[in-house]
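K.L.:
This structure is in structure tokens; I'll ask about it shortly.
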Amino acid sequence: MAVLGGFARGEHVSPGRETDKAGFLKTTLPDGSTAWLVTGFDDVRAGLADPRLSLSRANSTGGYSGFTLPPALDRNLLNLDPPDHTRLRKLVSGAFNGRQVAGMRDKIQATAERLLDGLTGTVDLLAEYAAPLPIITISDLLGVPADHVGDFRDWTDALMTQGSRDAVVSMYQFMVTLIAAKRAEPADDLISAMIEARDGDDRLSEDELLSLAFLVLWAGYENSVHLLANSILRRLDGPVDTEELLRVANPNLHAIRRFPLEDIEIGGEIVPKGQTVLLGIQAANESSTQHLTFGAGIHYCVGAPLARARTRDRDRDLVPQVSRGQVGDRQLDVARVVPESWAAGVAGYAHAVKVIVYGASGMVGYGVLRECLLDPSVTDVLAVGRRPLGQQHEKLTEVVLPDLADQSTVDFTGYDACFFCLGVSSAGMSEDAYRRVTYDMTMAAANPLHEANADATFIYVSGQGTDSTEQGRAMWARVKGKTENDLLKLFPKAYMFRPGVILPMHGAKSSTTAYRIAYTAFRPLFPLFRRMKSVTSTEQIGLGMLAVAKHGTDKKILYPQDINAVR
């Protein structure tokens with residue numbers, strides 16, 4: 001049986017509409033901001049070519065957060081307006097030429113035939129054909145060594161299913177190394193061509209090379225996977241020419257978001273300056289015999305010639321075989337399913353997160369803050385603590401409160417999650433004093449956040465041995481237990497992290513002298529400790545908090561093995 005992810009025959013997803021004839025409506029994005037969705041073919045085509053609609057997020061005034069990448073990867077053609085876009089487009093177009101496309105077609109054909117030859121028995125066409133064909137093709141195009149193609153596929157899959165920060169970091173590091181290798185030994189590939197591309201004395205900078213290579217990989221891979229899967233699905237209904245296939249198998253619901261540079265009229269409605277506009281490619285295609293799958297205007301897809309050639313070749317030779325359920329002399333039964341990991345992953349990947357971190361000057365909070373700043377899906381971080389951090393980052397805002405019992409100056413509006421990492425040792429303290437700096441300070445943050453957003457995620461770091469009954473002999477455990485219990489009552493999405501031994505990673509340091517001495521003495525044994533179920537690390541706590549904030553978890557109280565496992 002061949003299993004194909006997709007919709008049942010005849011089904012499709014269209015934008016929600018107030019009436020069947022509506023071509024323009026307001027909608028709410030996952031980050032809570034408002035967007036204007038344009039669905040009529042003529043209006044979408046005009047919008048794609050309208051220079052008054054900016055791609056730069058700097059021109060947003062409507063609260064859009066979306067998904068961000070590290071700065072070195074973010075400066076690509078999908079985020080730029082003229083004149084920066086014009087300059088980059090001119091340089092990269094010279095590298096993405098007809099010779100490159102022509103040289104890839106035979107390789108694509110051979111790879112596709114090899115993948116099809118390997119299909120036997122019950123197969124998942126997404127996993128065995130639609131996903132590997134584009135990543136192998138794009139790796140060849142970029143000049144990725146054959147022994148690293150598997151890594152590329154793992155990273156891109158992790159991005160599509162989990163929005164993985166580790167995958168972004170791994171790809172970034174690999175791209176840096178690969179570009180350096182191509183500078184030293186150029187080859188017949190796109191990265192070498194982009195390195196050599198020039199307009200007079202102008203050439204691509206290192207960050208521009210990185211971001212463009214990442215864009216070719218990420219956008220090319222995701223779009224090609226969906227286009228190929230949709231193409232196979234469409235062919236189940238009979239023959240179709242290439243342009244019609246591109247119209248109905250379009251992989252994108254809408255073009256990348258845009259922001260008006262002034263108040264403009266679209267579809268008879270005035271859209272205010274800076275509001276988010278989504279141009280509905282799928283809806284436009286469905287309402288016309290033409291298609292806008294590759295866009296229009298100055299942002300017309302630079303890879304369109306290659307995508308069209310790939311679609312034409314697959315449509316002529318390969319797609320019909322799979323669509324008939326027959327490869328060579330082998331007959332396959334074709335069924336349709338939607339892989340849950342893909343659906344859940346795309347939803348999680350698209351959601352931008354704004355977080356508050358308490359106690360970032362401490363060991364655990366430092367590690368949590370680091371992971372938040374590295375995670376591309378985290379757009380804003382508010383760090384609240386007793387003393388300045390001495391850090392600067394485009395995502396980071398600091399609020400220093402000498403008295404954490406008074407948080408009246410903190411604006412909790414718009415934040416999705418709070419990671420509360422403040423804590424002190426109870427040694428030498430009375431129960432009343434320990435309660436004030438533990439329970440009272442925590443609730444001083446939790447209550448106003450709840451008022452601002454009752455649906456926010458609140459993650460509290462307590463510790464193993466915390467007493468949920470509030471009746472035990474250990475004073476600290478009773479106070480921590482009450483804190484946990486009241487947070488669980490207050491927030492539907494409250495989670496308690498109870499780490500045991502915590503290994504400091506990436507420069508995190510304990511503020512307790514005895515702990516610092518112990519960590520220094522035992523550091524050679526850290527690799528061994530990390531294999532123990534009762535041990536976690538500052539990195540794993542940060543990653544675990546982010547995973548819970550994005551996807552939730554069935555457990556309300558998480559111990560080290562739970563923290564290490566959640567992703």
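K.L.:
So if I check each of M171, M160, which one is open to solvent by less than 50 Å² (accessible area, probe 1.4 Å), in contact with a Phe, Trp or Tyr (Cβ under 6 Å, 6 or more places away or on another chain), modelled with pLDDT under 85 and among the aliphatic types (A, V, I, L, M)?
P.N.:
M171
K.L.:
Does the range 192-208 hold any residues that are surrounded by 15 or more Cβ atoms within 10 Å (Cβ to Cβ), modelled with pLDDT of 80 or more and not in a helix (DSSP H, G or I), and which are they?
P.N.:
Passing the criteria: only L204.
K.L.:
Would you confirm, using the coordinates I've provided, whether L142 is farther than 22 Å from L190 by Cβ, open to solvent by less than 10 Å² (accessible area, probe 1.4 Å) and in contact with an Asp or Glu (Cβ under 8 Å, 6 or more places away or on another chain)?
P.N.:
When the stated conditions are applied, L142 does not pass them.
K.L.:
Sticking with this structure for a sec: Looking only at the range 219-234, which residues are over 29 Å from Y64 (Cβ atoms) and open to solvent by 40 Å² or more (accessible area, probe 1.4 Å)?
P.N.:
R234
K.L.:
Can you report the number of residues in the range 457-481 which are in a loop (DSSP other than H, G, I, E, B) and over 22 Å from G362 (Cβ atoms)?
P.N.:
So the count comes out to 7.
K.L.:
Going by the structure shown, is A427 under 17 Å from D486 (Cβ atoms), in a loop (DSSP other than H, G, I, E, B) and open to solvent by 40 Å² or more (accessible area, probe 1.4 Å)?
P.N.:
Against the criterion (under 17 Å from D486 (Cβ atoms), in a loop (DSSP other than H, G, I, E, B) and open to solvent by 40 Å² or more (accessible area, probe 1.4 Å)), A427 does not qualify.
K.L.:
For the range 49-84, which positions are closer than 19 Å to V353 by Cβ and open to solvent by less than 60 Å² (accessible area, probe 1.4 Å)?
P.N.:
Within the range 49-84, S60, G62, G63, Y64, S65, G66, F67, T68, L69, P70, L73, D74 qualify.
K.L.:
So which residues in the range 20-48 are in a loop (DSSP other than H, G, I, E, B) and either touching a Ser or Thr at 6+ places or on another chain (Cβ under 7 Å) or open to solvent by less than 60 Å² (accessible area, probe 1.4 Å) (or both)?
P.N.:
If the condition is that a residue be in a loop (DSSP other than H, G, I, E, B) and either touching a Ser or Thr at 6+ places or on another chain (Cβ under 7 Å) or open to solvent by less than 60 Å² (accessible area, probe 1.4 Å) (or both), then A22, G23, L29, D31, G32, S33, T39, G40 are the ones that fit.
K.L.:
Kindly list the number of the only condition in (1) open to solvent by 70 Å² or more (accessible area, probe 1.4 Å); (2) within 23 Å of L487 (Cβ to Cβ) that fails for V437.
P.N.:
Going through (1) open to solvent by 70 Å² or more (accessible area, probe 1.4 Å); (2) within 23 Å of L487 (Cβ to Cβ) one by one, V437 breaks only (1).
K.L.:
I'd like the full set of residues that are of a type in the set (A, V, I, L, M, F, W, C) and in a helix (DSSP H, G or I), limited to the range 352-401.
P.N.:
Across the range 352-401, the qualifying residues are M363, V364, V368, L369, C372, L373, L374.
K.L.:
Now a separate question. Can you name every residue in the range 412-424 that is assigned to a loop (DSSP other than H, G, I, E, B), of a type outside the set (G, A, S) and surrounded by 12 or more Cβ atoms within 10 Å (Cβ to Cβ)?
P.N.:
Residues satisfying the conditions are F412, Y415, D416, C421, L422, V424.
K.L.:
Right, next: Within the range 261-289, work out how many residues are within 13 Å of S60 (Cα to Cα) and in contact with a helix residue (DSSP H, G or I) (Cβ under 8 Å, 6 or more places away or on another chain).
P.N.:
Summing the residues that are within 13 Å of S60 (Cα to Cα) and in contact with a helix residue (DSSP H, G or I) (Cβ under 8 Å, 6 or more places away or on another chain) in the range 261-289 gives 3.
K.L.:
Quick check on my filter: what residues within the range 227-253 are among the aliphatic types (A, V, I, L, M), in contact with a Pro (Cβ under 9 Å, 6 or more places away or on another chain) and part of a helix (DSSP H, G or I)?
P.N.:
If the condition is that a residue be among the aliphatic types (A, V, I, L, M), in contact with a Pro (Cβ under 9 Å, 6 or more places away or on another chain) and part of a helix (DSSP H, G or I), then L227, L228, A229 are the ones that fit.
K.L.:
Please state which of the following conditions L215 fails to meet, knowing it meets all the rest: (1) in a loop (DSSP other than H, G, I, E, B); (2) crowded, with 16+ Cβ neighbours inside 10 Å; (3) touching a residue at least 60 places away in the same chain (Cβ under 8 Å).
P.N.:
Checking L215 against (1) in a loop (DSSP other than H, G, I, E, B); (2) crowded, with 16+ Cβ neighbours inside 10 Å; (3) touching a residue at least 60 places away in the same chain (Cβ under 8 Å), the one that fails is (1).
K.L.:
Condition test on E265, is it open to solvent by 50 Å² or more (accessible area, probe 1.4 Å) and at pLDDT below 90?
P.N.:
no
The values are calculated or read from the model by the stated rules, or taken from the named source; none is laboratory data. Worth saying up front: this structure is predicted, and the values here are computed from it rather than measured. Here the Cβ is made from the backbone with ideal geometry for all residues, glycine too, and neighbour counts use every protein chain on show. Surface areas here come from the heavy atoms of the whole protein model, side chains and all, with no ligands, DNA or RNA. Shrake-Rupley method; radii C 1.70, N 1.55, O 1.52, S 1.80 Å.
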